[in-house]
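> Input: one structure, supplied below.
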Amino acid sequence: MLELRPSRLPLAVLCAQSLHTDGIAVESDDADARLGSAAHEVIAARITAGQSVDGDVSAAATRWRVDHDDVGMLAGMAWQMWTTKLSTFFPDPLIEQPLDALDADFDMHLKGTADVLSYVADESEVRGNDFKTGRVDWDYEAQQRAYGLLGLIRWPEAKTVRMTITWVRSGRAETFVWTRSDLADWWHSFAKSLQDAPYRPGSHCSKCPRAFTCQARTLALRQSLEVFANVERMGPAVEQHIAELAATDPAQLAQLVAQARDLTKFLELTLESIKAQVVVAGGTLGALQVEEVTQRPIILARAWDALVAKLGQEKVIELATISKTKVSDEIKAAAGRGRKGKDVTEFMDALDAKGALDEKVIQKLVINRRLETNGSRSITATDESAATTGTAGAEQQAGV
Ligand code: SF4
């Protein structure tokens, strides 16, 4: 029987095979995930107790090995949102309520723990809330549908379910409302889509519990490794080889770029995983050590006057560049459904009209699919994945 957790569904939408762990699931030691778990622990305890508890932040920060201030900030923001806005919508809330349901037709077991669930009898409505302490990086709709479905099973008399994602960092919320038949239809087509689904390797593999055991991923990486392990071509003579390819076979060069990037991501993940193991071992493992390097970034708001006095305002403004990507991410996180791109465009247009956007030309290597000549292998426009599947009968993927 396939066990499905709602939290795994954003990845399953990209590659359904990520759900089939065959009992071997490797969890990466992700610091952001640990911070989220610590903040959730504090939020759940506060909502349950109806108040904050002395030392709750310190205990959670220690248990999850994360920064006390980060936990305090996230839990504090979520708690304030709960007390000032959310709590009235969730009467008699069930906190961290385990829920599950079996589907014998598909041989699946849907099992999850919702942050907050309530049943509003007057409106025959189940209401759920999911605190997100990270940044918008996945599509969470399938996850919310799964929680909604479990809520409707928990309260068979309910007619609708209203699921809210509360983005703690931006203070915004995203709400979905479904009827019982909406979710029954969705579940049927979603569960069906998971049957015999192909492997879809891509950059999301780094978040997959099968990343180190998946044959499709391994095959994709092996193909890349074989290319770069050819030392006669890719060793010291690499420049000459590249020059030859540029003159004779540009399509192979595009393939090489895709493989190099694919491999780079894998090697980065490998190093991160090794580091996590050393941390778990207490900081030393054989000859490996994790050293703490203290960084002291300047806190601009507090240092502003001193910086201006020393360097002059013009120089300080020049040094204090604000990342357009980070600003866009914040605007997207705060935007309502269907407005993300529009809000970013409108804001950037407004900045442009003020002459507040600088212009720089950089050279960026991309693969343009329309210009790609007929190679033996298909490469995505973003070249995230150009991999083949690793099991019998599986299809070749053009990437995700
Ligand atoms: S490692 Fe990648 S291809 Fe393999 S199951 Fe996971 S997401 Fe799919």
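Residues are listed down the side, and each one gets a yes or a no for (1) β-branched (Val, Ile, Thr); (2) touching a strand residue (DSSP E or B) at 6+ places or on another chain (Cβ under 9 Å); (3) surrounded by 15 or more Cβ atoms within 10 Å (Cβ to Cβ):
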site	(1), (2), (3)
Ala78	no, yes, yes
Asp105	no, no, no
Tyr119	no, yes, yes
Asp139	no, no, no
Ala142	no, no, yes
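Yes/no matrix, rows are residues, columns are (1) modelled with pLDDT under 90; (2) within 21 Å of the chain's Cα centre (by Cα); (3) assigned by TED's automatic domain parsing to the domain that holds Ser124; (4) part of a helix (DSSP H, G or I):
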position	(1), (2), (3), (4)
Gln144	no, yes, yes, yes
Arg162	no, no, yes, no
Thr175	no, yes, yes, no
Ala184	no, no, yes, yes
Ala211	yes, yes, no, no
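> Right, something else. Can you name the residue in the range 182-202 that is over 27 Å from Ala33 (Cβ atoms) and of a type in the set (S, T, N, Q) and, of all such residues, is farthest from the ligand (Cβ to nearest atom)?
Selected residue: Ser189.
> So how many residues does the range 328-357 have that are of a type in the set (Lys, Arg) and either modelled with pLDDT of 90 or more or assigned by TED's automatic domain parsing to the domain that holds Phe176 (or both)? Before the answer, list the steps.
Taking the range 328-357 as the starting set, the residues that turn out to be of a type in the set (Lys, Arg) are 332, 337, 339-340, 342, 354.
This time we only want the ones that are either modelled with pLDDT of 90 or more or assigned by TED's automatic domain parsing to the domain that holds Phe176 (or both), so: 354.
The qualifying residues number 1.
> Within the range 257-297, restricting attention to residues that are among the charged types (D, E, K, R) and assigned to a helix (DSSP H, G or I), which residue is nearest to Val366 (Cα to Cα)? Steps first, please.
Of the range 257-297, the ones among the charged types (D, E, K, R) are 261-262, 265, 268, 272, 275, 291-292, 296.
Narrowing further to those that are assigned to a helix (DSSP H, G or I): 261-262, 265, 268, 272, 275.
Values: Arg261: 11, Asp262: 14, Lys265: 16, Glu268: 21, Glu272: 26, Lys275: 31 Å.
Among them, the one singled out is Arg261.
> Only one of (1) over 23 Å from the mean Cα position of the chain (by Cα); (2) closer than 16 Å to Ser7 by Cα; (3) free of Cβ contacts under 8 Å to residues at least 40 places away in the same chain is not met by Asp130, so which one is it?
Among (1) over 23 Å from the mean Cα position of the chain (by Cα); (2) closer than 16 Å to Ser7 by Cα; (3) free of Cβ contacts under 8 Å to residues at least 40 places away in the same chain, Asp130 violates only (1).
> Only one residue in Glu291, Glu232 is of a type outside the set (Lys, Arg) and modelled with pLDDT of 80 or more, so which one is that? Talk me through it step by step, then tell me what you get.
On the way: Glu232 fails: modelled with pLDDT of 80 or more.
Sole residue among the options that is of a type outside the set (Lys, Arg) and modelled with pLDDT of 80 or more: Glu291.
> So which residues in the range 304-340 are more than 19 Å from Arg169 (Cα to Cα) and surrounded by 14 or more Cβ atoms within 10 Å (Cβ to Cβ)? Step through it out loud before you land on a result.
Residues of the range 304-340 more than 19 Å from Arg169 (Cα to Cα): 304-321, 338.
Residues satisfying the conditions are Trp304, Leu307, Val308, Val316.
> Right, another one. Sort out for me the helices (runs of 4 or more DSSP H) sitting completely within the range 1-93 that have 3 or more residues that are under 29 Å from Phe266 (Cα atoms). Steps first, answer last, please.
Details: elements: 9-14, 31-49, 56-64, 68-81.
Counting at least 3 such residues, we get 9-14, 31-49.
> Further question: Please pick out the residue among Gln255, Gln259, Gln223 that is in contact with a Phe, Trp or Tyr (Cβ under 9 Å, 6 or more places away or on another chain), surrounded by 14 or more Cβ atoms within 10 Å (Cβ to Cβ) and under 29 Å from Ser206 (Cβ atoms). Don't jump to the end; show me each part of the working.
Numbers: Gln255 fails: in contact with a Phe, Trp or Tyr (Cβ under 9 Å, 6 or more places away or on another chain); Gln223 fails: in contact with a Phe, Trp or Tyr (Cβ under 9 Å, 6 or more places away or on another chain).
Unique residue meeting the criteria: Gln259.
> Specify the residue that is farthest from Gly336 (Cα to Cα); the eligible residues are those in the range 133-156 that are among the charged types (D, E, K, R) and out of contact with any helix residue (DSSP H, G or I) (no Cβ under 8 Å at 6 or more places or on another chain).
Start the filter on the range 133-156 by keeping residues that are among the charged types (D, E, K, R), which leaves 135, 137, 139, 141, 145, 154.
Filter once more, so that each one left must be out of contact with any helix residue (DSSP H, G or I) (no Cβ under 8 Å at 6 or more places or on another chain): 137, 141, 154.
Details: Asp137: 16, Glu141: 14, Arg154: 29 Å.
If we take residues in the range 133-156 being among the charged types (D, E, K, R) and out of contact with any helix residue (DSSP H, G or I) (no Cβ under 8 Å at 6 or more places or on another chain), then Arg154 is farthest from Gly336 (Cα to Cα).
One line per residue, one yes/no per condition, for (1) crowded, with 20+ Cβ neighbours inside 10 Å; (2) over 30 Å from Leu194 (Cβ atoms):
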site	(1), (2)
Ser18	yes, no
Ala31	no, yes
Leu35	yes, yes
Thr83	no, yes
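> I'm checking my understanding of the structure. Among residues of the range 203-220 that are surrounded by fewer than 21 Cβ atoms within 10 Å (Cβ to Cβ) and under 12 Å from Phe266 (Cα atoms), which one is nearest to the ligand (Cβ to nearest atom)? Give the derivation first.
Filtering the range 203-220 for residues surrounded by fewer than 21 Cβ atoms within 10 Å (Cβ to Cβ) gives 203-204, 206-207, 209, 212-213, 215, 218-219.
Checking the rest, the ones that are also under 12 Å from Phe266 (Cα atoms) come to 203-204, 206-207, 212, 218.
Numbers: Ser203: 9, His204: 6, Ser206: 8, Lys207: 8, Phe212: 8, Thr218: 9 Å.
Result: His204.
The values are calculated or read from the model by the stated rules, or taken from the named source; none is laboratory data. Computed from a prediction, not measured in an experiment: that's the story for all the values here. A quick note on method: Cβ atoms are made from the backbone with ideal geometry, for glycine too, and the neighbour counts reach across all protein chains shown.
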